Amino acid sequence: MKSIVENFDLFAPKLVDKEEYYCSGHRACQGCGEALAIRLMAKALGKDTVVTNATGCMEVTATPYPTTAWKLPWVHVAFPNSAAVGAGVEAALKSLRRKGKIADRDVKVVSIGGDGGSFDIGFQAISGAMERGHNMIYIVYDNEAYMNTGIQRSGATPYGASTTTRPAGKQSVGNTTWKKNMAEIMVAHKVPYVATACHSYPFDFMDKVKKAKKVNGPAFIHCLAVCPTGWRCPSDACIKMGRLAVETGVFPLYEVENGKYKMTIEMPKKLRPIEDYLKPQGRFRHLTPDQIQIFKGMAMLEYNKVLERIKHSKSWSDMTS
Ligand SMILES: Cc1ncc(C[n+]2csc(CCOP(=O)(O)OP(=O)(O)O)c2C)c(N)n1
């Protein structure tokens, strides 16, 4: 009889798929959080997955002709229409299932895009696909600017960040607006599973992707992805910066299942000082103490809104009786 050690695979829960579906050899920058998140996502989804990818860093770096880092069926689509093509693929999968051609397989379509391709230019396609209730996952990899084309500001860029289209200078603080709250916008679309995530919490992220895969309908994940190039931080700080975003309350990790909010990474009562997150990043280096307070105010407004929702939200089924 084999020992427990020899039978390890039988006794231990399978934590992470050893197979790589997004392989080494791609040309993402050193320390790219987006590439790491994609790799984790692909492991969580497994081989029965079709990916649609809006143009952006992850398309440009993963598929320089004639090579590809993807071992999954992958469609490169135009900047605005990842979700629209995903919806089409889902309709095709439905038809194949009806004809019995993939009867024994649970194939899921996942549409991905950067924050520019999702918060801004691809927004209406996402809104349409989620509202129509397609059985698909949308994951936005949010590095807080249009990085592929040279760090232009997007609807996800936080206050005070210096970008090439909103550079900081004598007359300018850099970006003056706060991030669009995509998770809340998706909850308003009645998407049954919505979550925020970050590659610096890999098991939390993969659990959320697996949960999203099980939903028979639309699911949406907003994944913060550190970009050392655009954030002007060292490439070996990628994981640390993601953790600091969470620990300072700038990017809390939570999920919303059928309208009910839940924090998935427990937050300390006393958050880390926001300066710990801002100071290592060159894009925020110019901020004065007053401007840091404005940043903090905006971040805390969003954070406290999440805490309120966690306290008071009920699942939709509990609200209909
Ligand atoms: C309609 C259209 N406008 C502009 C572009 C040029 N373009 C390609 S990728 C990109 C930026 C992508 O930014 P984002 O979606 O945030 O992804 P990231 O590169 O940061 O991963 C832009 C502006 C394009 N391909 N198509």
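The values are calculated or read from the model by the stated rules, or taken from the named source; none is laboratory data. Predicted, not measured: the structure shown is a model, and the values here were computed from it. Here the Cβ positions follow ideal geometry from the backbone for every residue, glycine too, while neighbour counts run over all protein chains shown. Quick note on the areas: whole protein, heavy atoms, side chains included, nothing else; ligands and nucleic acids left out. Shrake-Rupley method; radii C 1.70, N 1.55, O 1.52, S 1.80 Å.
A compact table of results
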{"read-out": "Breaking point among (1) within 24 Å of Thr165 (Cβ to Cβ); (2) open to solvent by 100 Å² or more (accessible area, probe 1.4 Å), for Lys270", "value": "(1)"}
{"read-out": "Hey, Tyr146 touching a helix residue (DSSP H, G or I) at 6+ places or on another chain (Cβ under 8 Å) and under 22 Å from Val60 (Cβ atoms) or not", "value": "yes"}
{"read-out": "Selection from region 21-35 of residues that are of a type outside the set (Gly, Ala, Ser) and either open to solvent by 50 Å² or more (accessible area, probe 1.4 Å) or touching a Phe, Trp or Tyr at 6+ places or on another chain (Cβ under 9 Å) (or both)", "value": "Tyr21, Tyr22, Cys23, His26, Arg27, Cys29, Gln30, Glu34"}
{"read-out": "Scan of region 221-236 for residues that are within 16 Å of the ligand (Cβ to nearest atom) and either under 19 Å from Ile126 (Cα atoms) or outside any helix (DSSP H, G or I) (or both), ordered by number", "value": "Ile221, His222, Cys223, Leu224, Ala225, Val226, Cys227, Arg232, Cys233"}
{"read-out": "Contacts under 8 angstrom Cβ, first residue in region 231-242 being on the phi > 0 side of the Ramachandran plot, partner in a loop (DSSP other than H, G, I, E, B), 6 or more apart", "value": "Arg232/Gln281; Arg232/Arg285"}
{"read-out": "Any chance Leu287 is of a type outside the set (Gly, Ala, Ser) and farther than 20 Å from Arg153 by Cα", "value": "no"}
{"read-out": "Given (1) touching a strand residue (DSSP E or B) at 6+ places or on another chain (Cβ under 8 Å); (2) within 30 Å of Met130 (Cα to Cα); (3) surrounded by 15 or more Cβ atoms within 10 Å (Cβ to Cβ), index of the condition Lys262 fails", "value": "(3)"}
{"read-out": "Residue check, Gly155 outside any strand (DSSP E or B), away from the ligand (no atom under 16 Å from the Cβ) and closer than 19 Å to Ile294 by Cα", "value": "no"}
{"read-out": "Residue among Arg309, Arg283 that alone is open to solvent by 60 Å² or more (accessible area, probe 1.4 Å), under 20 Å from Lys180 (Cα atoms) and at pLDDT 95 or above", "value": "Arg309"}
{"read-out": "Selection status of Asp276, open to solvent by 70 Å² or more (accessible area, probe 1.4 Å) and either closer than 24 Å to Arg39 by Cβ or part of a helix (DSSP H, G or I) (or both)", "value": "no"}
{"read-out": "Matching option when the condition is open to solvent by 20 Å² or more (accessible area, probe 1.4 Å), outside any loop (DSSP other than H, G, I, E, B) and in contact (Cβ under 8 Å) with a residue 24 or more places away in the chain, among Ser127, Ser111", "value": "Ser127"}
{"read-out": "Subset of region 68-92 [open to solvent by less than 20 Å² (accessible area, probe 1.4 Å) and either in contact with a Lys or Arg (Cβ under 8 Å, 6 or more places away or on another chain) or away from the ligand (no atom under 16 Å from the Cβ) (or both)]", "value": "Leu72, Ala87, Glu90"}
{"read-out": "Members of region 49-61 that are away from the ligand (no atom under 11 Å from the Cβ) and either open to solvent by less than 10 Å² (accessible area, probe 1.4 Å) or farther than 24 Å from Asn135 by Cβ (or both)", "value": "Thr49, Val51, Thr52"}
